[in-house]
Amino acid sequence: MLHHFSSLQVIILAAGKGTRMASSKPKVLHDVLGKSMLAHVLHTVEDLQPESVCLVAGHGIEEVKKHIGEPENLHWVEQKEQLGTGHAVLQTKSVPTTADMVLIVCGDTPLLTAETLATLVKQHQSSGAGVSVLSAIVDEPKGYGRIIRDINDEVQAIVEEKDANDAQRKIHEVSSGIFCVNRTLLFQCLHGVENNNAQQEYYLPDILPLALARSATVQAVIMHDANEMLGVNDRVQLAQAENIMQQRITFEWQKKGVTIQQADTVRIEASVNIGIDCTIKAGTQLLGSTHLGDGCTVGPYAVLQNSWLADDITIEAFSHLEETSVGDQAMIGPFARLRPGTQLDDKVKIGNFVETKKAIIGQGSKVNHLSYIGDTLMGENCNIGAGTITCNYDGANKHQTTIGDDVFVGSDTKLVAPVEVGSGATIGAGSIITRQVKQDGLTLSARPEQRHVQNWVRPKKGDA
Ligand code: UD1
Ligand code: CA
């Protein structure tokens, strides 16, 4: 469902170093199922169709910019020193916006859904509150800010783990770190936020008591699925986020008509697309922008990265495809390795222990056993015998092999590139082809003479 919040500005906080990740990479650039946390959050807030989005970056800002590119409607704000979440939001004050409401989200909560954010914004609007915080009831509140309510259940403040006393630490309602705030009130309060706390930071949650002092209403909107607010601060939480998202993705594809065997062993990344009646077998990984048409069977233990499959294709066990496209009814593997630039037309067969790279292979052609086909253009209905090798590399340069239609290459042939094989040609087994092969007829290189030694005796074990 698409929303359209035209008077809403979204601020994404992503300036922190992410010390607890122990990484040279900014925290928000770490991947959750093949997509950075920040990209997840950006795509989620885009679904709200806000007036504009403002991204606060700081630590590793150049890397973050390079990663995100320049989406429309995105304002970059630099927070030079990371003095806290409140300080981060304050940096956005002069960003031009016509919005009167601000939604603040963290770049490290990749599981949040647009539905949940929309619920927060709608409840903020309908309640007339000045500040609404998204909260959750969790079994393990450790590490999160606790929601402090008075005897009338009214929200008073948020206390960070490090500043909380023993009684406060026992509270199970925690802050997701996500706020919807009236914009004027937000900056009025932020100017009053101080840093006299355990971390000596300017905390965004400290706007709550300041808003109350200004007679604004403060509310906490409790989310249904506490999993969504998982904040990723270290690699243990990164793994938890991946597991939760994987369950979601698996469930979605199952509902859309995909059979997934032993689903807890299968990895399907966030940008993958799968048609109906596909079967994904145990241990299979579908990565990056991989696309499967309808009726494909993949695995067990196949890896497909940024690859494009048409319909009714079988990829057998332990095959590895990278930047490869495959036509209808092709059959691959087991144990095939298709490297970048492989383009297989319909009904192509690639068998066990075959490696291809930059190979364009025409309809119905077969490379069934133990071959290397690289830098090759191959026509239709060819049969490439076991052990055929395109010798494409001379140590400095790569050379092209061109093969016509209906070519039969005998087993253990070496095609020393650059070389062309004409349509209809047959090449005898064991040939070393260094010159153009004419169309039709039989081509074979000279074979060593076969000898027979009648009186030779095979040594036996125990002989001196
Ligand atoms: C924060 C909240 C906590 C909440 C939790 C939810 C504060 C003080 N604490 O804690 O109440 O329960 O999130 O996950 O807000 N950031 C900046 N600039 C800074 C500091 C942080 O941009 O100066 C960004 C970080 O990159 C991160 C986000 O703000 O994306 C949250 O910061 P983090 O340090 O992860 O806060 P938590 O300790 O998780
Ligand atoms: Ca966090």
Filter the range 229-238 down to the residues that are in contact (Cβ under 8 Å) with a residue 12 or more places away in the chain and more than 11 Å from ligand 1 (Cβ to nearest atom), then identify the one that is farthest from the chain's Cα centre (by Cα).
Arg235
Test each condition in (1) within 14 Å of ligand 1 (Cβ to nearest atom); (2) over 19 Å from Asp153 (Cβ atoms) for Ile171 and report the one that comes out false.
(2)
Kindly indicate the residue of the range 9-32 that is near ligand 1 (Cβ under 10 Å from one of its atoms) and without any contact (Cβ under 8 Å) to a residue 60 or more places away in the chain and also farthest from Val45 (Cα to Cα) among those meeting that condition.
Thr19
Could you check the range 115-169 and list, in sequence order, the residues that are charged (D, E, K, R) and either more than 26 Å from Val236 (Cα to Cα) or assigned to a helix (DSSP H, G or I) (or both)?
Glu115, Lys122, Arg149, Asp150, Asp153, Glu154, Glu161, Lys162, Asp163, Asp166, Arg169
Out of Gln454, Gln439, report the one residue that is at pLDDT 95 or above and surrounded by 10 or more Cβ atoms within 10 Å (Cβ to Cβ).
Gln439
Please report, ordered by residue number, the strands (runs of 3 or more DSSP E) entirely within the range 173-270 with at least 2 residues that are assigned by TED's automatic domain parsing to the domain that holds Leu286.
258-260
The condition from (1) under 23 Å from Thr279 (Cβ atoms); (2) of a type outside the set (S, T, N, Q); (3) part of a loop (DSSP other than H, G, I, E, B) that Gly351 misses is numbered (3)
Scanning the range 211-233 residue by residue, the ones that are closer than 15 Å to Arg183 by Cα and crowded, with 19+ Cβ neighbours inside 10 Å total 3
Of the residues that sit in the range 82-95 and are farther than 15 Å from Leu8 by Cβ and out of contact with any helix residue (DSSP H, G or I) (no Cβ under 6 Å at 6 or more places or on another chain), which one is farthest from ligand 1 (Cβ to nearest atom)?
Ser94
With (1) under 30 Å from Leu292 (Cα atoms); (2) buried (at least 21 other Cβ atoms within 10 Å of the Cβ); (3) more than 13 Å from ligand 1 (Cβ to nearest atom) as the list, and Ala241 as the residue in question, which single condition is left unmet?
(3)
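The values are calculated or read from the model by the stated rules, or taken from the named source; none is laboratory data. Since the structure is predicted, the reported quantities are computational estimates derived from the model, not experimental observations. Note that each Cβ is placed from the backbone with ideal geometry, even for glycine, and that neighbours are counted across all protein chains shown.
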